[in-house]
């Protein structure tokens with residue numbers, strides 16, 4: 001399942017399109033169409049290995065435009081969310097219950113299409129065995145490292161805040177209390193963990209998994225019913241973000257207070273460290289170089305970009321593994337987010353989404369953690385998305 005509607009941007013740099021349309025086609029080739037559905041743009045030669053820079057870090061000519069494209073896409077997503085908030089400001093919004101219901105229905109549609117695509121593309125299913133173990137191992141290690149890193153980061157942060165420093169008090173204590181109140185950590189805006197887990201708590205993840213499975217079954221049953229997945233999921237995703245912006249405005253939360261909090265920095269930082277640590281574990285287990293293990297995991301869930309970058313850097317097999325690893329991370333995140341939202345460290349759910357926390361997994365984050373988590377989730381995903389086109393070639397160049 002892709003993460004962008006490519007038709008709304010004419011840039012279409014081959015490494016930055018997040019839309020998945022037609023799946024894997026044939027054996028590995030220099031164009032690697034089985035990883036990335038779009039043809040190379042006319043500005044790139046038929047042999048897209050026009051490198052610049054040092055031999056240790058070889059980069060295609062269009063490399064610099066990928067970060068620009070990422071930034072533009074972030075602005076587009078922000079525009080849809082802002083439009084939803086504006087609808088509430090002009091008093092044209094539906095009742096909050098209707099908004100919540102619409103978000104759930106559209107989210108299910110998004111998951112169904114994701115499952116349908118996986119089941120509909122025979123070549124994608126047939127290649128899972130070739131590189132699936134490495135891809136799955138990378139996804140599991142990245143997620144495990146992320147969850148552990150977020151938990152440790154918040155534990156250390158809480159320990160530092162509770163520590164009594166000599167001479168600290170009076171004005172400093174008042175300032176700290178005021179900052180906490182403004183940021184919402186002590187004022188009810190921080191997601192509260194539930195008292196405990198029970199069988200009923202898994203109803204939400206179970207429903208989401210059932211929708212994906214139903215889509216997969218439908219895709220297998222209708223092999224000739226392929227359609228433009230990118231076009232469908234792109235508009236569905238935009239509709240979700242529009243309604244999320246609407247729901248955030250309806251909640252009455254302060255946007256300033258939502259951004260002025262430690263979570264906005266702590267979550268992406270911990271996700272970065274935990275994901276890369278997982279990549280190092282994968283490198284050790286599968287006997288890869290540290291650089292390749294880090295490049296595998298540095299996609300943070302953005303599977304089309306990480307896969308095509310590694311492929312274009314000279315290793316289409318590793319690029320395919322990166323494609324599957326980051327696709328698996330995105331899929332697993334849909335199941336883990338509702339579960340992690342019920343723990344003592346609910347923002348570990350945002351970390352699981354990685355780069356997708358700004359769009360594809362943002363709706364489920366909002367559903368499970370509440371509208372107050374939307375700014376943190378979007379910011380975390382945006383930061384990680386901007387790092388992908390930088391870190392993947394960098395780590396791969398390390399060997």
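For this structure, a couple of remarks:
- Test for residue 366: is it modelled with pLDDT under 90 and surrounded by fewer than 24 Cβ atoms within 10 Å (Cβ to Cβ): no
- None of 329, 344 is part of a loop (DSSP other than H, G, I, E, B) and in contact (Cβ under 8 Å) with a residue 12 or more places away in the chain except 344.
- Options 105, 140, 150: the member that is modelled with pLDDT under 90 and either crowded, with 20+ Cβ neighbours inside 10 Å or under 22 Å from the mean Cα position of the chain (by Cα) (or both): 105
- Lone unmet requirement of (1) at pLDDT 75 or above; (2) assigned to a helix (DSSP H, G or I); (3) farther than 20 Å from residue 352 by Cα; (4) more than 16 Å from the chain's Cα centre (by Cα) for residue 257: (1)
- Entry remark, segment 267-320: residues being surrounded by 20 or more Cβ atoms within 10 Å (Cβ to Cβ), assigned to a helix (DSSP H, G or I) and at pLDDT 90 or above number 18 in total.
- Just one of the listed residues (118, 156) is modelled with pLDDT of 70 or more and either in contact with a strand residue (DSSP E or B) (Cβ under 9 Å, 6 or more places away or on another chain) or farther than 21 Å from residue 266 by Cβ (or both), namely 118.
- Boolean, residue 328 is modelled with pLDDT of 85 or more, buried (at least 24 other Cβ atoms within 10 Å of the Cβ) and touching a helix residue (DSSP H, G or I) at 6+ places or on another chain (Cβ under 7 Å): no
The values are calculated or read from the model by the stated rules, or taken from the named source; none is laboratory data. Everything quoted here is computed from the prediction, not taken from an experiment. Cβ sites come from the backbone with ideal geometry, for glycine too, and all protein chains shown count toward neighbours.
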